[in-house]
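Heads up, the thing below is written out as structure tokens.
The values are calculated or read from the model by the stated rules, or taken from the named source; none is laboratory data. Bear in mind that the values here come from a model prediction, so they are computed numbers and not experimental data. Cβ sites come from the backbone with ideal geometry, for glycine too, and all protein chains shown count toward neighbours. Surface areas here come from the heavy atoms of the whole protein model, side chains and all, with no ligands, DNA or RNA. Shrake-Rupley method; radii C 1.70, N 1.55, O 1.52, S 1.80 Å.
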Amino acid sequence: MLNAHQQQILRLLVASHGMSRTAIAEKMKLSKAAISTLIKTMLQAGLLEESVPANTGQGRPSVLLKMRADSAYFLGASLLDEDVCLVLIDMHGHILASTTLTRDPTPARLAEAIAAAIPGLLAQQQISPDQLIGLGVTLSGFVDEHQAVCVQSALLGWQQVPLAALLQAQTGLEITLENDAKALAVSEKMFGVAKKARNFSLISHGDGIGSAHFFAGQLHRGAHGGAGEIAHCTIEPGGRPCRCGKRGCLDTLASLTAIRESMRENALPCHSLIELEQLAMKGNSAAIAILHQAGQALGLAIASLIQMTDPELIVIAHQPDAFEGLLKTVMLQAIDSHVLPAIVGKTPLSSIVIQPESWARAAASVAAYRFIVQLPD
Ligand SMILES: [Zn+2]
């Protein structure tokens, strides 16, 4: 069992790419001798490892401490596609094993199927069940503030489904549910481009649009778990009807679903964003107009976000090969022209590509994040 100081050391290491004993001592305002004693126990317990950075010629480099990849394992299940993707990750976020299952729409049967697949994943890597810390699940829809109940998911056709309890009964594991964009933001915070960022927002761009926000190093879920519904911010008052019942939402202008709909309305000879970009490059005015509209809408929404929260980083998560070109150019121009001159160009944008296993890995990251943030103080 870790004491409070050792738990704090774990949290510091998760938010870094490795720290020296001296840096940890400074952060925690403890003596280096006290830190060394704490770390010795954690090294012996197999939680941490030491690495020596390459010598840069400026004195002996400090030994850096990191969490060991094999110090803990997590499972993640994505319910976003036709098939359920289930992955096993280590403490560095590497996918060690994965499988896919048919997504049974009945929650109890789905929980049974996921539970039945777990022993096979562990056996592939010769990991014993007691090394497994938890299972995260990501889905499209609303998750309650306790991250235990799927309040509503149009994709799954669920209302008030207590999925965590069903899965817990089947697996005996701690279960954490999370909405898709929030899970992806957690994944980038734990293992990706936002590891060191304390305040950042992630925008996911696909058939729908999602967002999630970290403030002061913590995921902001909102009072009811509903923070981040950027897709339904009104960008064009009185505009196209949205599936949410309102009009002119960001989703109706900039999601891939909306872009494909505009292609059909204009009878354009293309079916994907890449083909639309190619058509625009050839000078097709309808293709250019669709991309302008989508880029402008995304840029406006992101500019408002920057104006309200002043994040240190924006992460755009997009489909493979689908976010370069005119859409991105217009979006960047719209961001610059709609934020106050004093902060123009001060918010770096990072983009990541959503791969087939990204959502399941994000789900597993949610379990890892819970493990770290819920360490008692
Ligand atoms: Zn809407």
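Listed here are the residues, each with its yes/no results for (1) farther than 19 Å from L305 by Cβ; (2) in contact with a Phe, Trp or Tyr (Cβ under 9 Å, 6 or more places away or on another chain); (3) hydrophobic (A, V, I, L, M, F, W, C).
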residue	(1), (2), (3)
W158	yes, no, yes
P162	yes, no, no
N179	no, yes, no
F191	yes, no, yes
K195	yes, no, no
A231	no, no, yes
S262	yes, no, no
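Looking at segment 187-294, the helices (runs of 4 or more DSSP H) lying wholly inside it that each contain 1 or more residues that are at pLDDT 95 or above, within 13 Å of the ligand (Cβ to nearest atom) and not basic (K, R) sit at 251-254, 256-265.
Under the condition of being hydroxyl-bearing (S, T, Y) and out of contact with any strand residue (DSSP E or B) (no Cβ under 6 Å at 6 or more places or on another chain), the residues counted in segment 204-233 number 0. A single member of I352, I302 is of a type in the set (V, I, T) and out of contact with any Gly (no Cβ under 8 Å at 6 or more places or on another chain), and it is I302. Pairs under 8 Å by beta carbon, first residue assigned by TED's automatic domain parsing to the domain that holds I209 in segment 131-154, partner among the β-branched types (V, I, T) and assigned to a loop (DSSP other than H, G, I, E, B), six or more apart or different chains? If the second residue must be among the β-branched types (V, I, T) and assigned to a loop (DSSP other than H, G, I, E, B), no pairs are left. In segment 219-242, the residues that are in contact (Cβ under 8 Å) with a residue 40 or more places away in the chain form Cβ pairs under 7 Å with partners that are within 10 Å of the ligand (Cβ to nearest atom) and in a loop (DSSP other than H, G, I, E, B), at six or more places apart or across chains, as follows: I230/L250; C233/L250; I235/G248; I235/L250; E236/G248.
Picking from residues in segment 344-353 that are touching a helix residue (DSSP H, G or I) at 6+ places or on another chain (Cβ under 8 Å) and surrounded by 13 or more Cβ atoms within 10 Å (Cβ to Cβ), the one that is farthest from S304 (Cα to Cα) is I352. Only one of the numbered conditions (1) over 18 Å from A360 (Cβ atoms); (2) among the polar types (S, T, N, Q); (3) in the same structural domain as L173 (by TED's automatic domain parsing) is violated by S98, and that is (1). G134 meets each of the listed conditions (1) within 20 Å of R11 (Cα to Cα); (2) in a strand (DSSP E or B); (3) open to solvent by 20 Å² or more (accessible area, probe 1.4 Å) apart from (3). Among the residues here, A165 does not qualify as farther than 14 Å from L110 by Cα, open to solvent by 20 Å² or more (accessible area, probe 1.4 Å) and not in a strand (DSSP E or B).
On inspection, I316 passes the criterion of being more than 16 Å from the ligand (Cβ to nearest atom), part of a strand (DSSP E or B) and in contact with a strand residue (DSSP E or B) (Cβ under 9 Å, 6 or more places away or on another chain). Within segment 156-176, is there a residue that is within 16 Å of the ligand (Cβ to nearest atom) and in contact (Cβ under 8 Å) with a residue 40 or more places away in the chain? Scanning segment 156-176, I find no residue that is within 16 Å of the ligand (Cβ to nearest atom) and in contact (Cβ under 8 Å) with a residue 40 or more places away in the chain, so the answer is no.
Among all positions in segment 330-353, there is no residue which is touching a residue at least 40 places away in the same chain (Cβ under 8 Å), over 21 Å from F200 (Cα atoms) and either assigned by TED's automatic domain parsing to the domain that holds S255 or more than 24 Å from the chain's Cα centre (by Cα) (or both).
Has segment 280-295 got at least one residue that is assigned by TED's automatic domain parsing to the domain that holds P348, open to solvent by 10 Å² or more (accessible area, probe 1.4 Å) and under 23 Å from the mean Cα position of the chain (by Cα)? There is no residue in segment 280-295 that is assigned by TED's automatic domain parsing to the domain that holds P348, open to solvent by 10 Å² or more (accessible area, probe 1.4 Å) and under 23 Å from the mean Cα position of the chain (by Cα). Looking across S337, S351, one residue alone is among the hydroxyl-bearing types (S, T, Y) and in a strand (DSSP E or B). It is S351.
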